[in-house]
1. Sort ARG95, ARG100, ARG145 by accessible area with a 1.4 Å probe, largest first.
2. Across the Cα atoms of the stretch 56-162, what radius of gyration and what greatest pairwise Cα-Cα distance (Dmax) are found, in Å?
3. Using only the heavy atoms of the protein chains and a 1.4 Å probe, how would ASP74, ASP85 rank by accessible area, largest first?
4. Computing the accessible area with a 1.4 Å probe over protein heavy atoms, can you report the carbon and sulfur percentage for the stretch 11-123?
5. How high is the FRET efficiency between ALA133 and ALA90 when r is their beta carbon distance and R₀ equals 30 Å, given to the nearest 0.05?
6. Using the Karplus equation 6.51 cos²θ - 1.76 cosθ + 1.60 (θ = phi - 60°), what ³J(HN,Hα) coupling, rounded to whole Hz, does each residue of the stretch 36-41 give in order, writing x for Gly and Pro?
7. Can you work out the Karplus-derived ³J(HN,Hα) for every residue in the stretch 96-111? Use 6.51 cos²θ - 1.76 cosθ + 1.60 with θ = phi - 60°, whole Hz, and x for glycine or proline.
8. Would you work out which of ASN101, GLY76, LEU47 lies farthest towards the positive end of the dipole of the stretch 40-155, given +1 charges on the beta-carbon of Lys and Arg and -1 on that of Asp and Glu, about the Cα centre?
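The values are calculated or read from the model by the stated rules, or taken from the named source; none is laboratory data. Quick caveat, the model's predicted, so the values are computed rather than measured. Cβ placement follows ideal geometry from the backbone for every residue including glycine, while neighbour counts extend to all protein chains displayed. Please note that ligands, DNA and RNA were not included when accessible areas were found on the heavy atoms of the full protein model with its side chains. Shrake-Rupley method; radii C 1.70, N 1.55, O 1.52, S 1.80 Å.
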Amino acid sequence: MTSPGGADDRAEGSGDVPSVGAREIADAVESLANLWSTAAQEAAVRLSLHQLRALRALETAPEVNLTGLAERLDIGLPTASRLCDRLEAAGMLERSLHPRNRREVQLRLTGQGRRVLGDVARRRTQALAGVLAQMAPAERAALVRGMKAFFAAHGKVPPRSPETP
């Protein structure tokens, strides 16, 4: 039998054993993903997850070419090309010849593409703020600290959106 404050108590509440909190975090991530997806689908223009990812990639890497976009999205060139065809037809991206390499086509967001991304970002921020408002200030601060530690441990810094201070 373990006394209070022993190994069993640490495993259940303090996060000393990484696998203990993994299920709770997985559930929270799934809930966040649902909130994120629902907010995006309520935007004025409904886009698929791949379309949103493509627009976001173009926002963070202006004038990328088709190969670069395919690599960023981890999809094949034919899939990336069809994705760009649909986004171009919707007026959200434009293709132009590279000024120094006529064999290369650059991809750029249009004003409409930027507006759609802004609308989705605002809706997602509002949905997330609604949930965060239900938390105590100390819980929100702990969540922010935990997310920063997660990103540091994962070795990646999340991209900052224009709305992020």
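1. Largest to smallest exposure gives the sequence ARG100, ARG145, ARG95.
2. Both quantities, over Cα of the stretch 56-162: 18.0, 57 Å.
3. Descending order: ASP74, ASP85.
4. 52
5. Calculated value: 0.30.
6. Karplus values, whole Hz, x for Gly and Pro: 4, 5, 4, 4, 5, 6.
7. Those phi angles translate into 8, 5, 5, x, 10, 9, 5, 7, 10, 10, 8, 10, 9, 5, 8, x Hz.
8. ASN101
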